[in-house]
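Input: a single structure, listed below in structure tokens.
The values are calculated or read from the model by the stated rules, or taken from the named source; none is laboratory data. Keep in mind that what you see is a predicted model, and the values were worked out from it rather than measured. Quick reminder, even Gly has a Cβ in these numbers, built from the backbone with ideal geometry, and neighbours come from all protein chains shown.
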Amino acid sequence: MSFSPHFSSGSSPFDRDLATLSNYLEVVTRHIKIDWEINWDAKTFGGYAELTLESRVEELQEVRLDSSYLDVKGVEVDGKAVEYSLDSRLEVMGEALRVKLPKSLNKGESITIKITYSTTPQCTAVGWLEPAQTKSGKHPYLYSQAQAIHARSMLPCQDTPAVKASYEAKVRSGRGLEVLLSGQRKGIKELAERGEGWREFAYEQPVGIPSYLIAIAAGELTHKPFENLQGRNWSTGCWTEPLNMDKAFWEFHKDTANFVKTAEDLTSSYKFGVYDILFLPESFPYGGMENSCLTFATPTIIAGDRSQVDVVAHEISHSWFGNGIGCASWSHFWLNEGWTTYLERLIMRETHGELERQLSYTVGRRGLVGDLERLNPRFQKLVIEYKEHEDPDEGYSQVPYEKGANFLLYLERTLGGLENFIPYMKDYVRTFEGTSITTDQWREHLFHYFKQHQDAEELTRRLGKVDWDEWLHGSGPDLCVDIQYDDTLSKACYDLAAKWDKARDGDVSSFTKDDIKDFSSTQTVVFLDKLETYDTLPPKVVAALDKLYGLGSTGNAEIGLRFFEVALKSGPEYAESAAGEIPYLTFSSLEVRPDVGMTSALNEQKPELAKETFLKHANFYHPIARKMIAKDLGVKVE
Ligand code: BES
Ligand code: ZN
């Protein structure tokens, strides 16, 4: 079908990325060459980044790049030293690095800019762990998290999802430690002249990616390939600290390659060659992060029962939505997360069936409504109207995920079900893969596609009746359309929760541990979510619940978090044990925020204990999480 995607230079003010200080509408990065050396003692890395940029305008005089807390030592343009300056720091945005071009550049012409620099200890992207914070306790560890706008604290770049560049990197480390990057490994060189344990790792990312997917990790790490499928031109496997390998491998080796294949069947071929998962130490601030070729994941999803594999289905789905089709600014972030969540659930449907997909929407809806209750109306919208220089992390919530996925489910139902929607999704991917788009471009293509459909007249009429404005720009306590999910799997959970609610003042002897014996872990989550909507339970009922179902000692974080939330609301009895679980349970920043879930319940019940627990673990947290929690608890760190 003929549909020509065009670059959006901003038909609405929010199409322009307001969270970058770079002049990316005038000039774009095509390729980045990185050369770093890790300084484990100073907790920095440095070397250079050489950007190849192409002008989009005539007579370009200056290139402005994002940088944050970098120690810039020199700048060269096409091999010659030039003058540069760093603007004074803007909160969150960092310091714009201005490079005056020795000779102006016309549209279509390219130059290279090489910046020699080093990161500093204030770098917000990288977490540095002491040996004691790793499994073996023997070696230090580092890992980065660049999304949304932390790449600029690792290298000067155009730190916006609107720009995609390929990259290559050489990184040196001593101490015999392994270095991983978000690309394909090309080789390792022993650096005998530097002394024992020094090696250089070469990586390449030939596919153009946004800056937020540039990632590094280093430490004592080993790799094991998963069972791969015949006839595919990609491989899957996992990286972990040696002591975690057996459990991690067992948990994910069966599903990973199948998930990639299922996603391919639903969209297009996998373009990144390698799909590896790196399991990080507990302090990793998210459940998962879709760094290209190398998903970063919290070890908490190694639950021992394969119950958290949906996180991997989610990160794999980003290979098409986010890493494939990108968002042109953080206002359109829902195109990444909403579409990814939608595809994640289609993948899970292949393995567990449609009813399980419906159950995931049920769980997600509860999270959405919870978030809508606490969020500023500005962040309740699917398309977020950020202010100039506002931190996109502020708009991080369930809204882009769940409102987004529900909007797509609603469109799927409106447009004749999966039979019509899957071919449409494939066409969407084919049309925009490799580009960054706005919500308007997505919608334009949707209309265009269904105009060509054999039932065009009826389907276009239905599309015309969708309340676009309300879905995209509306706020409020719930979805703007009453969307129902099949309750076959949730009904038993609701019934059991209602029974506990009724037993609150009396006898709990009719409950047995077999009540939840046939529940999947998702059903246990639905049960606890429902219980949480009732009035606070008396402590003795919570104790009975724990005793019968063993919820306070579960290895499953999704269940543990919810149980402790219910328990903490009922009284201080569980405060100490909840505090003890914090580093292991509160893995994702959605959960570490004290205004959310378990931590919030602890903060209300015992604020001193919440603060004390946080301070005890403060150094263990990633800088992003540390800053966020400290702000919310009203404590100062460093
Ligand atoms: N890309 C996100 C994580 C993210 C978003 C980091 C915005 C920084 C800014 C990742 O794909 C994600 O959605 N992770 C989820 C898990 C997922 C299964 C819903 C998380 O960590 O909670
Ligand atoms: Zn995601």
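For the reader, a short list of remarks on this structure follows.
- When restricted to residues that are under 19 Å from Val466 (Cα atoms), among the polar types (S, T, N, Q), out of contact with any helix residue (DSSP H, G or I) (no Cβ under 6 Å at 6 or more places or on another chain) and crowded, with 20+ Cβ neighbours inside 10 Å, segment 416-445 contains 1.
- Top-ranked residue in segment 268-318 [being on the phi > 0 side of the Ramachandran plot and at pLDDT 95 or above; ranked as farthest from ligand 2 (Cβ to nearest atom)]: Gly273
- Filter result for the condition that a residue is free of Cβ contacts under 8 Å to residues at least 40 places away in the same chain and farther than 30 Å from Glu91 by Cα, over Phe432, Phe421: Phe421
- Listed by position, the helices (runs of 4 or more DSSP H) enclosed by segment 460-545 that each have at least 3 residues that are surrounded by fewer than 19 Cβ atoms within 10 Å (Cβ to Cβ) and without any contact (Cβ under 8 Å) to a residue 12 or more places away in the chain are 491-502.
- Asp71 meets the stated requirement of being at pLDDT 95 or above, closer than 30 Å to Trp128 by Cα and loosely packed, with under 15 Cβ neighbours inside 10 Å.
- The one condition from (1) modelled with pLDDT of 95 or more; (2) within 16 Å of ligand 1 (Cβ to nearest atom); (3) farther than 26 Å from Ile629 by Cα that Arg413 does not meet is (2).
- Subset of segment 285-296 that is near ligand 1 (Cβ under 10 Å from one of its atoms) and either out of contact with any helix residue (DSSP H, G or I) (no Cβ under 8 Å at 6 or more places or on another chain) or assigned to a strand (DSSP E or B) (or both) - its residue that is farthest from Leu181 (Cα to Cα): Gly288
- Single match in Gly47, Gly108, Gly74 (criterion: more than 30 Å from the chain's Cα centre (by Cα) and assigned to a strand (DSSP E or B)): Gly74
- Segment 546-559, residues that are touching a Gly at 6+ places or on another chain (Cβ under 6 Å) and either touching a residue at least 60 places away in the same chain (Cβ under 8 Å) or part of a helix (DSSP H, G or I) (or both): Asp546, Gly555
- Any hit, segment 228-251, residues being of a type in the set (Gly, Ala, Ser) and surrounded by fewer than 17 Cβ atoms within 10 Å (Cβ to Cβ): yes
- Residue match in segment 354-363 (condition: among the acidic types (Asp, Glu), crowded, with 21+ Cβ neighbours inside 10 Å and either more than 10 Å from ligand 1 (Cβ to nearest atom) or closer than 29 Å to Asn244 by Cβ (or both)): no
- Per the listing Gly324, Gly364, the residue uniquely within 14 Å of ligand 2 (Cβ to nearest atom), of a type outside the set (A, V, I, L, M, F, W, C) and touching a helix residue (DSSP H, G or I) at 6+ places or on another chain (Cβ under 6 Å) is Gly364.
- Only one of Val369, Val383 that is in contact with an Asp or Glu (Cβ under 7 Å, 6 or more places away or on another chain) and more than 15 Å from ligand 1 (Cβ to nearest atom): Val369
- Within segment 327-343, the residues that satisfy the criterion of being assigned to a helix (DSSP H, G or I) and more than 10 Å from ligand 2 (Cβ to nearest atom) are Trp330, Ser331, His332, Trp334, Leu335, Tyr342, Leu343.
- The set of residues in segment 385-400 that are within 16 Å of ligand 2 (Cβ to nearest atom) and outside any helix (DSSP H, G or I) comprises Tyr396, Ser397, Gln398.
- Test: residue in segment 297-310 that is in a helix (DSSP H, G or I), within 19 Å of Leu408 (Cβ to Cβ) and either charged (D, E, K, R) or touching a residue at least 24 places away in the same chain (Cβ under 8 Å) (or both): yes
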